[in-house]
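See structure below.
The values are calculated or read from the model by the stated rules, or taken from the named source; none is laboratory data. As the structure is a computational prediction, the values presented were derived from the model and not from experiment. Cβ atoms come from the backbone with ideal geometry, glycine included; neighbour counts cover every protein chain shown. The area values use the complete protein model at the heavy-atom level, side chains included, leaving out ligands, DNA and RNA. Shrake-Rupley method; radii C 1.70, N 1.55, O 1.52, S 1.80 Å.
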Amino acid sequence: MLRLKGVSKRFGARVVFANVDLALDAGEYVAIIGESGVGKSTLLNLMAGLEPADAGSILFEEVELTRLPDDALTLLRRDQFGFVFQAFHVLAHLSLAQNVALPLLLRGRAPGESAALAAAALAAVGLTGRETSMPRELSGGELQRVAIARALIGKPRLVLADEPTGNLDQENARQVLALLRAQVKQHGAAGILVTHSEAAAASADRRYRLRPEGLAPG
Amino acid sequence: MAMHDAQPRALALVLVIGLAGLAVFPIFGADEKFYMQFLAKVMVMAIFAMSLDLLIGYGGLVSLGHAMYFGLAGYTLMSLTPEYEGASLWISLAAALGVCALAALVVGLLVLRTSGIYFIMVTLAFAQMAYYVVHDSKYLGGSDGKYVYVKPVLSFFGWQPFSLDKLAAFYYVILGTLAGVYFLLRLLLASPFGHVLVGIKANEHRMRSLGFPTFSYKLVAFVIAGVLAGLAGYLAAALDGLVNPELLSWHQSGQALMMVILGGMGTPAGPILGAGALKLLELLLTSWTKHWQLLLGLFIVLVVLVFPNGLASLFGKRKRGGAEHG
């Protein structure tokens, strides 16, 4: 599904990483570990076409992302990718159902259908009946559940999670990681978890360590 | 999907009372032409400030060149008005708004590739270019500007329900336009488009990762704001019967910015409150002292310090557009 070959990124004269290779198939859930500042989030952005790579090839479903124009990348992200961020990024002025349904806005779904899908997605992450609640009423762990529901509502082929437990305590982190893994597997998607935490990475099928010279198993 | 950012009831009540007061003023103050004209100008500036707030308060796009559209619409009306008869309101208004939409589209395509301080400076640069084109154009009247001798003619297939020459009639047209723009913006911001715009202000990267073409959304907002500013500029030119380069100046953009900040950014009623407060204070202070600008400046500093969310926050707290949880 996703193939990275010789991917490199530099900021000015500084080489962030070079020669990153990765192969990921549907149903696989892998973790990329690395210290802060090593370029984990940058690598995730490259995979999603949010930043350009300086060298190498990024193939998603046999499509070369590095050659796609912005419009096509936007469509790809909308239809095929789901994101979970460390800081949740839940909009304070929208209800939980509205936040979760956000990715469906551009897909031409009827409002009733979007609402039903959002309710189902919230139920799947353990927030049954909380559709009209507002983000301020939720704990950090619950907000991250909302973010997971939002990432998966569009049935993405690839889920990209950037330090999803960075703002959570140990117990909430454990629950969110288990939920994320279960949801990715249940949807038959591929998942990439980027984290600095060894404990979080343990929830993945495979682990890779990001270093300036590339990705290495471990 | 309804947005859960309804303004506080106290503010809604103030708005209703204010609108009712404005609606009955011409009935009880028919002889007070000066004040009717003054209130009409305040309402025009409120429309202008609301259009700017769509960019600043909801899109996070601080423009210092918004007066360009205000002035362009006025000059379009002037150009289409024959010397001794009024221009058709429908044709001149459509032309003015069309010019503003086109200008905003072209400018937006270029300036929206920048952000932050660069965005502010580039919008200012475009407006200043337009200002000097108008200022140096003999056809457009140069620095003196030109008169719009006759007000536009409102007619439906030859039937004229009323004449805009009558101040009271024009006053009600402006009041209706103010209410219309207010409700249009509320509808727009409660729509999926509004949700996305607020999401972009909160975190553009997040919206891009969700698959939203953020540039297109910002461009549409920029064009809508330009057209609404043009609507205000058209009304201002028709009301005053005069256009001059000051309509496009950075002072004009700055005044609208002050109104938005004073009233409250990202609050639908904030710019109306800001326009009312600023113009009313200006009126009071100018009749009292020649150093009125000093006192006005002090007042604005005081309001910003005491009410950082603007005068609208006097009537209750609300989550401002663009807030993010997490």
**Message:** With the requirement that a residue be within 7 Å of chain B (Cβ to nearest Cβ), outside any helix (DSSP H, G or I) and farther than 23 Å from A:His196 by Cβ, what does segment A:67-102 give you?
**Reply:** A:Leu91, A:Ala92, A:His93, A:Leu94, A:Ser95
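Considering only segment B:72-102, state which residues are of a type in the set (Gly, Ala, Ser), closer than 30 Å to B:Val196 by Cβ and crowded, with 24+ Cβ neighbours inside 10 Å.
Within segment B:72-102, B:Ala73, B:Ala96 meet the criteria.
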**Asked** Before we move on, is A:Ala115 open to solvent by 20 Å² or more (accessible area, probe 1.4 Å) and of a type in the set (A, V, I, L, M)?
**Response** yes
**Prompt:** Are there any pairs with C-beta distances below 7 angstrom linking a residue in segment A:5-20 that is touching a residue at least 24 places away in the same chain (Cβ under 8 Å) to a residue that is among the aliphatic types (A, V, I, L, M) and outside any strand (DSSP E or B), with the two at least 6 apart or on different chains, and if so which?
**Reply:** A:Val7/A:Leu46; A:Val7/A:Ala53; A:Ser8/A:Ala53; A:Lys9/A:Leu46; A:Lys9/A:Ala53; A:Phe17/A:Leu43; A:Val20/A:Leu43
**Prompt:** Within segment B:177-258, which helices (runs of 4 or more DSSP H) (wholly inside it) include 2 or more residues that are polar (S, T, N, Q)?
**Reply:** B:214-240
**Asked** Just checking, how many residues over segment B:259-283 are assigned to a helix (DSSP H, G or I) and either in contact (Cβ under 8 Å) with a residue 24 or more places away in the chain or open to solvent by less than 30 Å² (accessible area, probe 1.4 Å) (or both)?
**Response** 17
**Message:** So the check is Cβ under 8 Å with 6+ separation or different chains; which pairs have a first residue in segment B:229-245 that's of a type in the set (Phe, Trp, Tyr) and a second one that's part of a helix (DSSP H, G or I) and open to solvent by less than 10 Å² (accessible area, probe 1.4 Å)?
**Reply:** B:Tyr234/B:Ala73; B:Tyr234/B:Gly74; B:Tyr234/B:Leu77; B:Tyr234/B:Ser92; B:Tyr234/B:Ala96
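Listed here are the residues, each with its yes/no results for (1) modelled with pLDDT of 90 or more; (2) not in a helix (DSSP H, G or I).
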position: A:Leu122; (1), (2): yes, no
position: A:Gln175; (1), (2): no, no
position: A:Gly188; (1), (2): no, yes
position: A:Leu193; (1), (2): yes, yes
position: A:Ala200; (1), (2): no, no
position: A:Tyr208; (1), (2): yes, yes
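Here are some residues: B:Lys146, B:Lys166. Which one is loosely packed, with under 14 Cβ neighbours inside 10 Å and basic (Lys, Arg)? It would help to see each step written out before you state the result.
Numbers: B:Lys146 fails: loosely packed, with under 14 Cβ neighbours inside 10 Å.
Step by step, each of B:Lys146, B:Lys166 is checked, and only B:Lys166 is loosely packed, with under 14 Cβ neighbours inside 10 Å and basic (Lys, Arg).
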**Request:** Those residues that are open to solvent by 20 Å² or more (accessible area, probe 1.4 Å), in a helix (DSSP H, G or I) and more than 9 Å from chain B (Cβ to nearest Cβ), I need them from segment A:137-168; list them, please.
**Result:** A:Glu137, A:Glu142, A:Arg145
**Asked** Is one or more of the residues making up segment B:11-30 modelled with pLDDT under 90, over 13 Å from the mean Cα position of the chain (by Cα) and not in a helix (DSSP H, G or I)?
**Response** yes
**Request:** Hey, could you check segment B:189-225 for residues that are touching a Gly at 6+ places or on another chain (Cβ under 6 Å), farther than 12 Å from A:Leu102 by Cβ and modelled with pLDDT under 95 and say which is least open to solvent (accessible area, probe 1.4 Å)?
**Result:** B:Leu197
**Item:** Answer from B:Ala256, B:Ala269 - the residue that is under 30 Å from B:Leu80 (Cβ atoms), away from every other protein chain (no Cβ under 14 Å) and out of contact with any Lys or Arg (no Cβ under 8 Å at 6 or more places or on another chain)
**Value:** B:Ala256
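Quick grid of which residues meet (1) under 24 Å from A:Gln144 (Cα atoms); (2) open to solvent by 70 Å² or more (accessible area, probe 1.4 Å); (3) over 19 Å from the mean Cα position of the chain (by Cα):
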{"site": "A:Leu2", "(1), (2), (3)": "no, no, no"}
{"site": "A:Lys9", "(1), (2), (3)": "no, no, yes"}
{"site": "A:Gly37", "(1), (2), (3)": "yes, no, no"}
{"site": "A:Ser41", "(1), (2), (3)": "yes, no, no"}
{"site": "A:Ala53", "(1), (2), (3)": "no, no, no"}
{"site": "A:Glu62", "(1), (2), (3)": "no, yes, yes"}
{"site": "A:Leu68", "(1), (2), (3)": "no, no, yes"}
